[in-house]
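The structure appears right after this line, and notes come after that.
Only the coordinates and a few stated rules stand behind these numbers; no lab work does. Just so we're clear, the structure is a prediction, and the values are computed from it rather than from any experiment. Note: ideal-geometry Cβ built from the backbone for every residue, glycine included; neighbour counts use all protein chains shown.
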Amino acid sequence: MSDTKMASNGTENAEFSFTSNNNASTSASTGRKGLPKIQTQKKTNDVCHDDSTPPVKAQTIDELHSLQKKRSTPTTPITGTQSAFFTTLSEEERQKQQLQSISASLASLTRETGPKVVKGDPARKSEGQKVTLTSHSHHFTPTISVSDSSLKFTHFLYNLSPAELYEQAIKYEKGSFITSNGALATLSGAKTGRSPRDKRVVKDKTTEEELWWGKGSPNIEMDEQTFLVNRERAVDYLNSLEKVFVNDQFLNWDLEHRIKVRIVSARAYHSLFMHNMCIRPTPEELEDFGTPDFTIYNAGQFPCNRYTHYMTSSTSIDINLARREMVILGTQYAGEMKKGLFSVMHYLMPKRGILSLHSGCNVGKDGDVALFFGLSGTGKTTLSTDHNRYLIGDDEHCWSENGVSNIEGGCYAKCIDLSREKEPDIWNAIKFGTVLENVVFDEHTREVDYVDKSVTENTRAAYPIEYIPNAKIPCVGPHPKNVILLACDAFGVLPPVSKLNLAQTMYHFISGYTALVAGTEDGIKEPTATFSACFGAAFIMLHPTRYAAMLAEKMQKHRATGWLVNTGWSGGSYGFGSRIKLAYTRIIIDAIHSGNLLKANYKKTEVFGFEIPIEIEGVPSEILDPVNTWLDKMAYKNTLSKLAGLFKKNFEVFTNYKIGKDKLTEEILAAGPVF
Ligand SMILES: Nc1ncnc2c1ncn2[C@@H]1O[C@H](COP(=O)(O)OP(=O)(O)OP(=O)(O)O)[C@@H](O)[C@H]1O
Ligand SMILES: O=C([O-])CC(=O)C(=O)O
Ligand SMILES: [Ca+2]
Ligand SMILES: [Mn+2]
């Protein structure tokens, strides 16, 4: 606001005014000369505004502050005196049960009983906030022989709201700031991506038989005893803190197969992340939550002990399926929790005949569902978030007899180079409530610079799915019509789009090819060809062919069409060509959704034997066959052969497995590159 504007508005704002014109009457009435009297009252309406509102009903500052917050409304409406009686009773009982449940979750294995837990922020005790203590079922007499840890209370902050978590983060966690768009910027610490080499799974009699072990498997074994050592380390760490965060939430929008999860963590950042990423229970659902089906102990700030058997670094992410528990030590990267639970779903769901998928999913106005498979950074989130379609989910789904369902309640978008123009819905989802990980922002304006990779290339935004305006809630849909396999081909030899037959779809699903471009997995900075079975080997628990067989069966039954879309390089390999324009990829995807691409004219490519369209309206025809875009045709041929060789070599380990019925296995083996 300019100075002149300020002056002219002076009277309206009841500010001082030295303008003699304004005060002429005042001077005249008092009959005094010299400087005009300072005008402090608003003249309009002739009302004295200082006295126009009744005084605050508080006698002290503390009382005034207590007026600011009103109690949250009871979650269950109380109707009639009889039910009120029962509600009061059960409310007390519920509180007691909740405390017991959380105390049990935090129980040490050596001390047999859970710690004394108390609900609420320890910093608020003085504010007269109601805190509820554990009602001890065991007899508790503090004596000198009792350890210090059993003399102390563990405060827990239960399912806090985003606003409360913002306050906790900003007050207590270094590196937490509100950005100009309203999001909470956080730092995940030294780890800015997942650490797949530090993942451990307990091998017991059951899992030894059921899970995929050995070469290529993400399940690195650990014994039960070592798990308990790490669990104790995490639980002791958490109990040593002033307070811990507890989230009780759900996974899977398919109500029949919903899983209850509890996340115990030390950071508000972790609690808000999971609040956004898991399905948020309604207050009524929370009342009946009971015992969780799975619990995460996130002690990420605290390292594991490298002298412990099986530990090869100070980071350990441990899954124990029998105990239904996961322990995180030595990494604060929040994606570990999300993907750890995904691994658990990859075990639990197939047991029920449900296929779990590392895929995005959306549905058109006519109910046509598309799945988007692909490794990290290939475009699942970007392409499933489509303004013309309803978003079911961006990363983790189930395909059951009922159709598809999202496992999660939020999205986790990459935000490096994010632009409002290219990805408007993701851009607009970054607002109050969203966690922005490891981004760089202006120290004064707090404006985020999405181009800046100073902290990491793997910058991320985690937001509730309803932040996308056309999210489909509940996040479920009918059986898929199109199955789109995404690959970011840094070699630049895969066509922008290929139509696949079922055997080819299975071959490429099992291969799970891409060239990683950003550092989602800790340590990867330069693009490299990667094969990851089922487009998510890091998260699967059973042998890849188990998932593949289920996918083949479902695609066959529901007549879904398979596609391979290269969202990577065109015009040469990484360093020569450039990434295919997102606008072109979107046009290609639109043509798949609409059914128009099915009707196009096709030709067959050499080596990979892909069916590629001759033309697609809106996309330059010459890019549809990559050979056209390479200046050096010899280099193209050599690169194509090189990639084909990598595919062949990768597939060798799968040649002895049977997949599906009839001749499918032989067909899949024959569907690879021929050269
Ligand atoms: N042609 C393209 N198609 C898709 N994405 C593209 C394209 N060109 C550039 N991109 C960028 O690539 C990135 C794709 O990341 P996205 O978040 O969609 O990955 P993702 O498959 O969801 O991975 P993750 O499983 O790690 O979440 C985005 O940053 C997007 O802007
Ligand atoms: O897990 C993460 O960190 C991000 C992700 O979605 C993936 O890597 O597939
Ligand atoms: Ca994603
Ligand atoms: Mn993912």
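Remarks
- Estimated distance in nm for a label pair at Q95 and T113, the labels positioned 7 Å out from Cα along Cα-to-Cβ: 2.1
- For C534, C361, order by how many other beta-carbon atoms lie within 10 Å, fewest first: C534, C361
- Spherically averaged projected area in nm², based on the convex hull that wraps the Cα atoms of segment 278-341: 5.3
- E221 long-range amide H proximity, modeled H, under 5 Å: V201
- Length released on extending from Y657 to A322, taking residue separation times 0.36 nm less the Cα-Cα span: 117.8 nm
- Using only Cα coordinates, the Kirkwood hydrodynamic radius of segment 618-666 works out to 13.8 Å.
- Counting only Cα atoms, the size of segment 546-606 along its three principal axes is 42, 30, 25 Å, in decreasing order.
- Segment 381-531, Rg to Rh (Cα coordinates; Rh as Kirkwood inverse mean 1/r): 0.99
- By the beta-carbon count within 10 Å of each Cβ, the least crowded to most crowded order of M506, M634, fewest first, is M634, M506.
- Simple spin-label estimate for Q225 and L64 in nanometres, 7 Å along Cα-Cβ: 6.4
- K152-E666 pseudo-label distance in nm [points 7 Å out on the Cα-to-Cβ vector]: 6.8
- Protection proxy ranking of 399-409, 469-479 - average other beta-carbon atoms within 10 Å, highest first: 399-409, 469-479
- Charged-residue dipole, Cβ positions (Lys, Arg, Asp, Glu), segment 168-288 about Cα centre, Debye nearest 20: 780
- Part-to-part distance (alpha-carbon centres) for segment 280-300 and segment 585-601, which is given in Å: 42
- Trypsin sites (Lys or Arg not before Pro) within segment 220-324: DSSP coil, no more than 12 neighbouring Cβ in 10 Å: R306
- Here R280, R194 are placed in order of increasing Cβ neighbour count within 10 Å, fewest first, which gives R280, R194.
- Neighbourhood net charge (13 Å Cβ-Cβ; Lys/Arg +1, Asp/Glu -1) for Q97: -3
- Residues whose placed amide H lies under 5 Å from that of F441, excluding near-sequence neighbours: D449
- For the peptides 446-457, 550-561, residues were scored by their other Cβ atoms within 10 Å and the scores averaged per peptide; the highest-first order is 550-561, 446-457.
- Full extension of the chain between Y307 and K215 gives 30.6 nm of extra length, using 0.36 nm per residue less the Cα-Cα distance.
- For the set K96/K116; K171/K453; K499/K604; K339/K649; K119/K243, the pairs lying more than 18 angstrom apart at their alpha carbons are K171/K453; K339/K649.
- Summarising the amide proton neighbourhood of S188: residues at separation of 5 or more, or on other chains, whose placed amide H is nearer than 5 Å comprise N438.
- From the C-alpha gyration tensor of segment 455-497, square roots of 5λ in Å: 28, 22, 7
- Karplus-based coupling profile of segment 238-253, in residue order and whole Hz: 4, 6, 7, 7, 4, 7, 10, 9, 10, 10, 10, 9, 10, 10, 6, 6, with θ = phi - 60° in 6.51 cos²θ - 1.76 cosθ + 1.60 and x standing for Gly or Pro.
- Radius of gyration and Dmax over the Cα atoms of segment 573-638, both given in Å: 12.9, 37
- Residue-by-residue Karplus 3J(HN,Hα) for segment 485-492, coefficients 6.51, -1.76, 1.60, Hz, glycine and proline x: 8, 9, 9, 9, 7, 5, 7, x
- Peptides 368-379, 636-647 ranked from most to least packed by the mean count of surrounding Cβ atoms within 10 Å: 368-379, 636-647.
- Taking a Cβ cut-off of under 11 Å around E210, the surrounding Lys, Arg, Asp and Glu residues balance to a net charge of +1, with basic ones at +1 and acidic ones at -1.
- Between segment 164-200 and segment 307-386, the Cα center-to-center distance that results, in Å: 20
- Residues of type aspartates and glutamates that K191 reaches as a straight line, Cα spacing below 15 Å, ignoring anything fewer than 8 places off in the same chain: E336, E437, E457, E521, D522
- Summing charges over all other residues whose Cβ lies under 14 Å from the Cβ of V483, with Lys and Arg as +1 and Asp and Glu as -1, gives +4.
- Angstrom value of the Kirkwood radius, inverse mean 1/r, which spans all Cα pairs in segment 249-305: 12.4
- Phi-based couplings in Hz for segment 287-297 (Karplus 6.51, -1.76, 1.60; Gly and Pro marked x): 4, 9, 4, x, 8, x, 7, 8, 10, 9, 10
- Between K649 and L255, full extension at 0.36 nm per residue minus the direct alpha carbon distance yields a gain of 137.7 nm.
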